[in-house]
Amino acid sequence: MDIFDTAHLYDGLQVMEREQAPLGREERLKAMEKPLLAWYGSRARSLPWRDDPKPYRVWISEIMLQQTRVEAVKPYFERFMKAFPEVRDLAGAEDDYLMKMWEGLGYYNRARNLKAAARMVMEEYGGCLPASFEELIKLPGIGSYTAGAIASIAFGIPMPAVDGNVLRVISRVLGDRGDIRKASVKAGMEQELKAVMPSGDASRYNQGLIEIGALVCIPGGEPRCGECPLASVCLTRRNGWWKEIPYKSPNKARKIEERTVFIIEYQDKVAIHKRPMNGLLAGLYEFPNACGHPDADEIPAVLGMNPGCIKAVTPLPAAKHVFSHVEWHMTGYRVVVDEAAADPVFPGGREEGKGVADEAAAGDWFFVSREQLASSYAIPNAFQAYTALVG
Ligand code: ADE
């Protein structure tokens, strides 16, 4: 026996199946409960939102965890909690500051939805998140996963919380080849789990499944079946199907956008621009940028800038950022300008209406110090390769 194979430790805790009498789906799911809870009791990580599972903390952590790994979330979570300790603080947050406190996490609409939901919680529930799955799911940005996670973890309500981790674990246990990208597959799994989950232990049950998905039945690699409490009930382990299950239909091809990013410097300042209030990265700040990849001698025309204002131009490295539906393939230039270009009224010495790129023309760019940039303006991760070069 493999000395690291701990699955046998849980064998005594669950229904053992014989080849002649394979378990049905419901029985197989029911057989997970005891070993899952025993394993979670001994292996659960100590996490800030787990050790102090107030509804507000669980909510914020779950939204952050939708896009980022646990270890990476911890510092963002602590920073956010310090900035907005209570629902009331989030409801009254100033938008640029909220974006700054979300900076680095991406998916900025999630932060906007948090604020919108916090306002509803203030107005309709006196500042306390409702202890009801049906009420939680009505709040902006809260879908069935997050409502189930808050309901179960913060309030002990027996509702499932099926995220990507849980879809993977349950598909594997059941040997189910349904396409996990399909809403119907997720909805079916929610129903089946709701029917079997323990009514008095919903928090540990859901977190146990999430934890197995994160630590044992890992994404994108060989599952650590030797450490898995569900190994003896898992059809995928028994049949060696882990490369095929879960099945996920291929991504649609993303649109590729070629862009050029300009780090325009005047003395110790750098130019930034506020993006329009709708569309991708709405209302966030960015370095001026334009479609395509102009040559250096085209820069004055692209920036709508008198060539005499430009003191130096240096090419910057290429970078790529992948959004869910679009990829930006970027190149860049550092453009050092003189005081005529740094005019606060018409930056770049431009005539009004002759903007940088169309999207930049939605509101002119302006110069800020590096300290102001660091403290007050959220520049999305898409620009990270260039933000790092501002120094
Ligand atoms: N991923 C999503 N939700 C989580 C949670 N509550 N704990 C750990 N990882 C998670």
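The values are calculated or read from the model by the stated rules, or taken from the named source; none is laboratory data. From a predicted model like this one, the values you see are computed outputs, not experimental measurements. Backbone-built Cβ (ideal geometry, glycine too); neighbour counts: all protein chains shown. For the accessible areas, the whole protein counts, side chains as well, though only heavy atoms, and no ligand, DNA or RNA atoms are used. Shrake-Rupley method; radii C 1.70, N 1.55, O 1.52, S 1.80 Å.
Quick one: count up the residues across segment 102-118 that are over 14 Å from the mean Cα position of the chain (by Cα), of a type in the set (A, V, I, L, M) and under 19 Å from Y377 (Cβ atoms).
Quick first cut of segment 102-118, residues over 14 Å from the mean Cα position of the chain (by Cα) only: 115-118.
Applying the additional criterion that residues be of a type in the set (A, V, I, L, M) yields 116-118.
When the remaining residues are screened for being under 19 Å from Y377 (Cβ atoms), the result is none.
Adding up the residues that qualify gives 0.
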| request: Please identify the pairs in which a residue from segment 205-229 that is closer than 15 Å to L193 by Cβ has its Cβ atom under 6 Å from the Cβ atom of a residue that is assigned to a loop (DSSP other than H, G, I, E, B), counting only partners at least 6 apart or on another chain. | output: Y205/M197; Y205/P198; N206/A161
| S203 vs. criteria of a type in the set (G, A, S), within 16 Å of the ligand (Cβ to nearest atom) and either in contact with a Ser or Thr (Cβ under 8 Å, 6 or more places away or on another chain) or at pLDDT 95 or above (or both) | yes
| request: Output the helices (runs of 4 or more DSSP H) that fall wholly within segment 42-120 and possess 1 or more residues being within 16 Å of the ligand (Cβ to nearest atom), assigned by TED's automatic domain parsing to the domain that holds R204 and surrounded by 14 or more Cβ atoms within 10 Å (Cβ to Cβ), or say none. | output: 48-51, 55-65, 70-83
| request: Consider M305 carefully, then state whether it is of a type in the set (A, V, I, L, M, F, W, C), at negative phi and not in a strand (DSSP E or B). | output: yes
| query | Do you know which residues across segment 67-123 are within 25 Å of F323 (Cβ to Cβ) and small (G, A, S)? | reply | A72, A93, G104, G106, A111, A116, A117
| If E327 satisfies every condition in (1) modelled with pLDDT of 50 or more; (2) of a type outside the set (V, I, T); (3) over 28 Å from the mean Cα position of the chain (by Cα) but one, which is the exception? | (3)
| Given (1) at pLDDT 95 or above; (2) under 27 Å from the mean Cα position of the chain (by Cα); (3) open to solvent by 70 Å² or more (accessible area, probe 1.4 Å), number of the condition P315 does not satisfy | (2)
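Any idea which of I218, I210, I245 is of a type in the set (A, V, I, L, M, F, W, C), assigned by TED's automatic domain parsing to the domain that holds L167 and in a loop (DSSP other than H, G, I, E, B)?
Working: I210 fails: in a loop (DSSP other than H, G, I, E, B); I245 fails: assigned by TED's automatic domain parsing to the domain that holds L167.
Among I218, I210, I245, only I218 is of a type in the set (A, V, I, L, M, F, W, C), assigned by TED's automatic domain parsing to the domain that holds L167 and in a loop (DSSP other than H, G, I, E, B).
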| field | Test: R259 is open to solvent by 60 Å² or more (accessible area, probe 1.4 Å) and at pLDDT 95 or above | value | no
| said: Test of understanding: among V233, V216, V302, which residue is open to solvent by less than 10 Å² (accessible area, probe 1.4 Å) and either in contact with a strand residue (DSSP E or B) (Cβ under 8 Å, 6 or more places away or on another chain) or more than 16 Å from the ligand (Cβ to nearest atom) (or both)? | reply: V233
| query | Name the pairs whose Cβ atoms lie under 6 Å apart, with the first residue in segment 258-285 and farther than 15 Å from A374 by Cα and in the same structural domain as T314 (by TED's automatic domain parsing), the second in a loop (DSSP other than H, G, I, E, B) and among the charged types (D, E, K, R), and 6 or more positions between them or separate chains? | reply | L281/R275
| field | Scope segment 25-41; condition more than 16 Å from the ligand (Cβ to nearest atom) and either touching a Cys at 6+ places or on another chain (Cβ under 7 Å) or open to solvent by 30 Å² or more (accessible area, probe 1.4 Å) (or both); matching residues | value | R25, E26, E27, K30, E33, K34, A38
| remark: T146: passes all of (1) under 19 Å from the mean Cα position of the chain (by Cα); (2) within 14 Å of the ligand (Cβ to nearest atom); (3) farther than 21 Å from E71 by Cα but (3)
| query | So which residues in segment 121-173 are of a type in the set (S, T, Y) and open to solvent by 20 Å² or more (accessible area, probe 1.4 Å)? | reply | Y125, S132, S144, Y145
